[in-house]
Structure formats: C-alpha cells, structure tokens
Amino acid sequence: MHPALSVIFLTTLIGAGQGLFLALFTAQSYAAVDFVTIQNPQQFYAYGSGIALLLLIGGLLASFFHLGHPERAWRSVARWRTSWLSREVIALPAFMFFVFVYGVMHYFGWDPLVIKTEHPLQGQLSLYIGIIGTVLCFALFICTAMIYACLKFLQEWHSPLTVINYTLLGTASGFTLATAYSAMMAPELVTLFGTWATIITLTALVSRTASLLRNARIKHKSSLQTAIGVRHTNIQQKAMGLMGGSFNTREFFHGAKMGLFKSMKWIFLVLVFLVPVVLLATGMRSASIDILITAFVAQYLGLLAERWFFFAQAKHPQNLYYQTI
Amino acid sequence: MSDDNPYGKDPTGTFFNRVQSFEIGDYPNTELVHFPKSCLHCEEPPCVPVCPTGASYKREEDGIVLVDYDKCIGCKYCSWACPYGARELDEHQKVMKKCTLCVDRIYDEALPEAERKPACVLACPTNARLFGDVHDSESEVSVTIRESGGYQLMPEWGTQPANHYLPRRKTKIKIHEDELIRADNPLKKEGLKPKTVVDEATLDDVTSW
Ligand code: SF4
Ligand code: SF4
C-alpha cells in the first residue's frame, strides 16, 4: 500500500495523545490509592490534558487531508454498525471531549465529590470522567487498528497483532512523553512514568517483532492464477491496460526502492525501541529534561517510520493486475 | 470521469473497464489472454460495509453495487476493501468511481429493448460479453455459466462476484500418428499393394453359374 502522510500523522499523533492521557490517568489512580503524592496536581493534569488534546487535534487535522471532500466528513458517522472507520470517527471526538472536560475540570479545580469515600481522592468526579476517558481511549485504539485489521485480504494487517501493536506503540509514546513532561512539571512522577514507558516499549517490541516475523513468512492466498482464473504455472502480464499510471498504480504501491524499504524497518526498530529505552534509563537517573524530550522525539520519529513500513509492507491483491505497463 | 493528458506524455484517468493482457505458457507454447476487468458486482461485496458514509451501497432489487457521488467523502477506504482493484478515485471530482453496470441504460425505457444493456456488452464486436440475471437459472448468462464452466475471480475471498468469466475456447482436432499416412490412397504408392495373379484360375473359371 502507499503510505499516506495524512494517515501516518493521524495514527501516530492520536496514539501519543491517547498514551499521554492514559499516563495522566495512571498517575491519578496511583494518587488515589496513595502510591504517589503529586505536589501540584491541578496544573499537572490540566496542562497534560492540554498537550494530549493538542496531539489529538493535530491528528484530526491530518485526517482531513486524507479526504477528497473534507466538508462532508460529518457524513461518516452514518455507518457505525458496519464500518470501523465510521466507529473511529465517532470514538475520536468522543474521547477528545472527555479529555477536554478532564483538563478543564482540573484547570478550574472544579472537582466535586460524587461518592463519599474514606480517601478524598477516590470520590472525585474527575476520577470517573477519567475512567470514561480511558474506556473511550481503548475503544479508539481498537477502532483505529481494526480499520486495517478487518481487511482480510490485506493479510499483513489481518491479525490481532495489529490491534495490539497500535495500542502498545501509542501508549508507549504517550508514556515517554509523560516522562519528559513530568520532568518539567512533577519530578516526583518521573520514575513512575519512565518505568512504565520502558516496560510498555519493551512489550511493544515483543509484539511488533512477532508481527514482523509473521509477515516475513506470510503465504499470500491470491495469485495470478486465481486473479485471472487460469491454471498454469507460468503466467506473465504483458499489458495493464494503461501507460501513464492510474489510481491503482499510485494508491496500492509504495513506490520506494527496495533498499529504502528494508532500511526503514531497521530505522524504526532502533528509533522506537532501542534509543528511547536507553535514553529513558539515562534520563531517569540524571533527571535531565533534555534527554527525556529527546527520548520522546526519537520515539515519535521512529513511529512515523514504523507506520510508513506498516503501510508499505501490506501487499494488496489488486497489485497482481498491475505488474507490467 | 477524469481523462488527463489523453494524447500527452503521461495519460491518466478514471476507468470503469480496463483490458489487460497476460501471456500464458512457456515459449513456444504460449498464448495471449486478453482480460477485461471491471467491478464484478459481488454478491458479498466487501467494499460496501466498510464505507463510513453509506455512499457505497448494493441495490436490493438488482444487486448492482453503486456509489452515491453526493455522499462520498473520498476517503478511499472502499478501494482498499476491494480485492480486485475495481474502484478508482476520480482525481478531479475527488469521489470514488467504478463500473455502474450502465445502470442508466439498462432501465431506460426510451431505448429499444435490445439496447437496454451495458455499453460494453453492446460494443463488443465478437459478442464475448453476455448480460443478464444470474439469479434466474434459465437466463442466457446462467445457462452459459452452467454449461460452459463459468468461474469467479479470486474465489478465496468469498466475495461471490456476480460477474463470471468463461474459460477460453479452443478449436482442437486430434490426429493419431497412423492417420498421417493415407493407407487407402489408391493413386499414391505409399504402401505395398497386393500383386495381381495372372496365371492362376480366377474365381470365374472355377465356378459354374
Ligand atoms: S468487484 Fe470490488 S468494487 Fe465491485 S462489488 Fe466486488 S468488491 Fe465491490
Ligand atoms: S471513498 Fe466514498 S464510497 Fe468509498 S468508502 Fe469512502 S465515502 Fe464510501
């Protein structure tokens, strides 16, 4: 498939935004059971939600560049019963709304107790808004990934690993960002976020490697034989019926040189996994904001490469019809 | 329908139907198959449920798969979901296009009945294309699919295309080795003929009628 920049930015930006929100909510849950104490919780949650919201808005804007008719985008909520894309279009604004409410509540300190509990932090409304946000966040991960995983003849994508990878990679980048953010805003949380960021990044390494291994030995069900229905071992295309390219040749081929395609895999493996894990470890020890920010930037750039590779690697069966000009 | 640089260097555009060519076999025993390719109006179209707007739909009454150009947002998702690459985005109108089975022709009562067929079916000079109702088991297309071994493309995906392809037809005669020598040709001396016996009595001599 041709990796479209709009979709690459959409999925990576909202992934980081979702991960950051999950990190914030993790901190709040930890605080609610006294695992951590946050000095300045109001500001910390409010600005954090603001950054998460900005990332989500960035992703949403990027997605409009993918559409031929962005002004009709509202129509895409219509088929949520059958279409994962439609479900994503619903889940994304719903999640953004709750991130917004979560941030605003903290910013203005408007956080009434809704349930009487012994611990004051366990009954606050923001905790329950956070729970809804978390559910929507995971729903959004699933919707985004299922857009790709549900297409059964794109065999590289048609696997539960796609959903697991989208969730883990998005969460990992969000937690890395949260580590850098907490170094500035709440140093007492750096170790918590940094440790989780490392654990999630390493778990993502396992699942992404699993999908790389799976895709390396994938057997494609379609062949030229089934594509044109002639049973012969030697079939060659002699003409595709057009000479100057078409939607079919532009949308479904990545068009990159084999060398670039292969190196992209190593680039993302190094940038998404190796560099951030090393930088997180050093950054946590030295509490250096710069190192932690570099860790996030490296991981995000790596995720751009990862998404590029994810698209480029998928072989659409229609390509069988477009082998020779 | 976009048609850019039709006579220029890089002609490109939106097509409903493309004719491709495939060479089959090992030299010198090769043959060239010309293969027209368009939307197959699948009975289980994977392109329809994925459309977020409902712009892609399959008509209840006749099973034709269509795109509502006024609803389409050009997200291209349906084209990813068609394993045959039958859908093409119109680069200028920015909506998804594909073969409509000439839905405006086949129901046009202003046309004589014989012409209420897709343009490609009417245009084909050798009548290679047939048009009809695949659900009516006595229709010309159903009979042909049944009797002449019509098949579907990429059956592995369960899309159940309504459009079928017919196997190539070849004219063949079988010649056995011994048929290459005409043993019964009296004019050419290809084999030994029995010698005529001159000095013995003939059948006429020994029998008395
Ligand atoms: S051929 Fe492709 S576009 Fe046409 S109905 Fe089947 S899946 Fe849809
Ligand atoms: S491109 Fe148009 S027809 Fe295709 S899925 Fe998107 S909205 Fe539906």
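The figures follow:
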{"read-out": "Solvent-accessible area buried by A and B, counting both chains, probe 1.4 angstrom, square angstrom", "value": "4700 Å²"}
{"read-out": "Shielded by partner chains, region B:17-36 residues - at least 50 Å² of accessible area, 1.4 Å probe, vs chain alone", "value": "B:18, B:20, B:21, B:22, B:23, B:24"}
{"read-out": "Fraction of accessible area attributable to carbon and sulfur, region B:1-130 (%, probe 1.4 Å)", "value": "52 percent"}
{"read-out": "Out-of-range pairs (alpha-carbon distance over 23 Å; input A:315/B:76; A:257/B:94; A:152/A:219)", "value": "A:257/B:94"}
{"read-out": "Residue B:111/residue B:174 FRET efficiency (R0 41 Å; Cβ-Cβ; nearest 0.05)", "value": "0.35"}
{"read-out": "Phi-based couplings in Hz for region A:121-130 (Karplus 6.51, -1.76, 1.60; Gly and Pro marked x)", "value": "6, 8, x, 6, 4, 4, 5, 6, 4, x"}
{"read-out": "³J(HN,Hα), Karplus 6.51/-1.76/1.60, whole Hz, each residue of region A:17-22, x for Gly, Pro", "value": "x, 4, x, 5, 4, 4"}
{"read-out": "Part-to-part distance (alpha-carbon centres) for region B:131-171 and region A:263-325, which is given in Å", "value": "47 Å"}
{"read-out": "Segment residue A:81-residue A:282, length gained on full extension (0.36 nm per residue, minus Cα span)", "value": "67.6 nm"}
{"read-out": "Amide proton proximity set for residue B:42, modelled H, under 5 Å, gap of 5+", "value": "B:162"}
{"read-out": "Per-residue average of Cβ from other chains inside 10 Å of B:64-71", "value": "1"}
{"read-out": "Solvent exposure, largest accessible area first (probe 1.4 Å, DNA, RNA and ligands not counted), of B:159, B:207", "value": "B:207, B:159"}
{"read-out": "Cα-based reach from residue B:71 at 13 Å (exclusive), listing aspartates and glutamates while leaving out same-chain residues under 8 positions away", "value": "A:71"}
{"read-out": "Residue-level accessible surface for residue A:152, protein heavy atoms, 1.4 Å, Å²", "value": "90 Å²"}
{"read-out": "In nm, spacing of pseudo-spin labels at residue A:290 and residue A:158 (7 Å Cα→C-beta vector)", "value": "5.1 nm"}
{"read-out": "With every protein chain in place, region A:44-108: carbon and sulfur % of accessible area (1.4 Å)", "value": "75 percent"}
{"read-out": "0 to 90° range, to nearest 10: angle between helix A:190-216 axis and chain A longest Cα axis", "value": "10 degrees"}
{"read-out": "Residue-by-residue Karplus 3J(HN,Hα) for region B:20-30, coefficients 6.51, -1.76, 1.60, Hz, glycine and proline x", "value": "10, 10, 10, 9, 10, x, 9, 4, x, 8, 10"}
{"read-out": "Global geometry of region B:3-157, whether rounded, prolate or oblate, following the gyration tensor of its Cα atoms and the 1.5 cut on a/c", "value": "rounded"}
{"read-out": "Burial order of peptide ranges B:29-42, B:168-181, A:74-87 (average beta-carbon count within 10 Å, highest first)", "value": "A:74-87, B:29-42, B:168-181"}
{"read-out": "Cβ-based charge dipole, region A:186-267, positive-most Cα from A:220, A:201, A:253", "value": "A:220"}
{"read-out": "Pairwise label distance in nanometres, residue B:19 with residue B:133, each label 7 Å out on the Cα-Cβ vector", "value": "3.1 nm"}
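The values are calculated or read from the model by the stated rules, or taken from the named source; none is laboratory data. This structure is a prediction, so every number in the text was calculated from the model and none was measured. Ideal geometry is used to build each Cβ from the backbone, glycine not excepted, and the neighbour counts take in all protein chains shown. What goes into the accessible areas is simple: the full protein's heavy atoms, side chains included, and nothing from ligands, DNA or RNA. Shrake-Rupley method; radii C 1.70, N 1.55, O 1.52, S 1.80 Å.
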